[in-house]
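Just below is one structure, and these are the notes that go with it.
Each reported figure results from applying straightforward, stated rules to the coordinates on display, with no laboratory input. Quantities reported herein were computed from a predicted structural model and do not represent experimental measurements. Every residue, glycine as well, gets a Cβ built from its backbone with ideal geometry; the counts of neighbours run over all protein chains shown.
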Amino acid sequence: MKWGTFISFIFLVSFTESKTLPRRYRHVGKNISCIYVTVLSCCSVLAIFAQNVQEITYEEAAKMVKDVTDLAQKCVASKEDPTCLKPLTAIFLDEICHEQGLPEKYGLAACCAKTDPERNECFLSHKNSTPGFIPPFEKPDAEQGCKQYQEDRVALLGLYIYELARRHPFLYSPTILSGAGHYEELMKVCCKADDKNACFNEKVFLRESGLVEEQTCEILKKFGERALKALKLVQISQKFPKIDFATATKLATDTVHMHTECCHGDMMDCIHERVELSTYVCAHKDTVSTKLSDCCEKQETERSECIVNLENDDKPADLSPKVREFIEDKDVCEHFAKEQDAFLARFVYEYSRRHPEFSHLMLLRVSKGYQELLENCCKTSNPPECYGKGEEMLKKQVQESQELLKANCDFYKAHGEGCSFRLLVRYTKKMPQLSSRELLHFTKEMAAVGGKCCPLSEDKIFPCVDLVLGQICRRHYDSTINPKVCKCCSNSYALRRPCFSKLEIDEKYVPIPLTPDLFTFHEDLCATQETVLQKKKLLIRLVKYKPTITDEQLKSIITSFLGMREKCCKAEDHEACFGEEVASFFSHASLIKKEGRPGRCAYLYFKNLLQLPRMVPFRFLKKEPYCLHLNI
């Protein structure tokens, strides 16, 4: 049987079964045999293999799914077999490592030489979510896609799961399965539409889940369970303001435990705990939220996503507007000393449920500020008088966050499409160590955030930006950018956003040297689509060459650049024109002019480089009195 045919068959069975998980699955122990696979879904297993070995072919993944499925069948009859008693993650990694030639082919031999848990950590470290690591998926046109869906629905959905998983290695398996469900609904609707292309473009299922889940794992790894629990308590208290404190903390604790399983790559346990969590919420929906009914009527695998995306419930009518007991009670320091985290957790719960309009990051900063207030005040001779001023402190923190938010959105509104250029200059000065490709990617994301998020309510704006900052920090963890970025990424998750906003020029950065290829232009610049990209790349090179460059200097140089482009693109020989004009372009570029080093020096330098490429230009420049002190 061909692997594609086999995977289609078992995918059909499992995709149908996974809509409602059998009860026996929910009540089994965590280290049971791989009988899990027979009741859950081979599509999850397919996703796991595609995420752990991203460059694997569909056929190779399908073969390993069959091997694991065969083992599952064996374990049904022989549950005491030592292999069947292994943790599921170990079974999946064993399959990868024992597949002949596969570890060597995909650079995983060193990981396979380790023992768990080091082996699992090694596999996790090899996951690469960088855009472009796996080439973008080439979607068939609407007509062709609908034809494939009608001819072999199962094969198309299986391929979708494989392609989605390998491009999003940190996406949780339940999210991937949910994505496949959304994709199928999209196919059903749009394949019946008169204008299929328009339907697909309008209804395309854009997901931020991958970034959110990767960010969650980063918080867990970098800042620990305590930080993630505080974040989840904020989110739960905002979403379910009627919930009591004990239930809120239980849900926060269980959610963190679920993410721990998911982030460690234990995807079957991840699915299990996610279903358990949504089942618990729905079993107590009357005391949790008035808005849960629709979510709880959905299939088990669809409930979690529905609950996560649920709008905040209304606040209880009798909820007081302020949390006076935390700044007026004379025994605050006694409670803080005895209860510590539990006392702070109650503050987070009470403050968050009263302020659904604030972002979770702002609420975390308020919580951190309150903790620091108590740590300082409880050492004084009159603690109540000291922490009694806490309300003003809280107001100040909220005001600072709101002013930062307003300043950033006003910046976007003021500059519109030019925002991306200004962001590029700003972030190149802050992080000149990043490559041009990385700077272009991150600032494009930042500019998109302005367009997408600034029109939203306050509680949704900062999380948008936070996802981009998370990407920058994960890049920093892979390879250090600079000490200032390190401080922002590592010191405090709650303070990450204001830290990045306050970043200035990296004074320790050594500017790139002036070389012939630093500012060269070719005839491809005359292609319309190249103009904006080349303009951005020029900005990056200018800032990397002179980090202290002013906006006026940049404006002058870009104006010259556009003038040069217009002139040369009208010339008969574009390439020759660019070769002649580049020296003149820099002769008046204020960037090159430093005290005692006028533009003529740069002009001669570039002219010599262009006309006498085999000779050492500095030999000629030394004769020019302007250039005696030029360090080239």
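A few remarks follow.
- Each other residue within a Cβ distance under 14 Å of Ala571 adds +1 if Lys or Arg and -1 if Asp or Glu, for a net charge of -4.
- Label point of Thr515 set 7 angstrom out along Cα-Cβ; within the stretch 543-578, amide nitrogens under 20 Å from it belong to 543-547.
- Multiplying the residue separation of Leu85 and Lys127 by 0.36 nm and subtracting their alpha-carbon distance yields 12.4 nm.
- Residue list for the stretch 365-390, given a label point 7 angstrom along the Cα-to-Cβ vector of Glu339 and an amide N cut-off under 18 Å: 367-375, 378, 384, 387-388
- For the stretch 116-225, the Cα-based Rg and Dmax, in that order, read 16.7, 54 Å.
- Straight Cα distances below 14 angstrom link Lys322 to the aspartates and glutamates Glu350, Glu391, Glu392, with same-chain residues fewer than 8 positions distant left out.
- Label-to-label distance for Asp70 and Lys147 is 3.6 nm, based on points extended 7 Å past Cα in the beta-carbon direction.
- The fraction of Cα-Cα pairs per 5 angstrom bin, counted from 0 for the stretch 162-273, comes to 2, 11, 17, 17, 16, 13, 10, 8, 5, 2, 0 percent, rounded to whole percents.
- Burial order of peptide ranges 144-155, 128-139 (average beta-carbon count within 10 Å, highest first): 144-155, 128-139
- Greater than 29 Å apart at Cα, pairs in Lys250/Lys406; Lys444/Lys555; Lys368/Lys502: Lys250/Lys406
- Think of the stretch 261-331 as having a plus end and a minus end, set by charges on the Cβ of Lys, Arg, Asp and Glu; of Tyr280, Cys306, Cys270, Cys306 sits farthest toward the positive end of this dipole.
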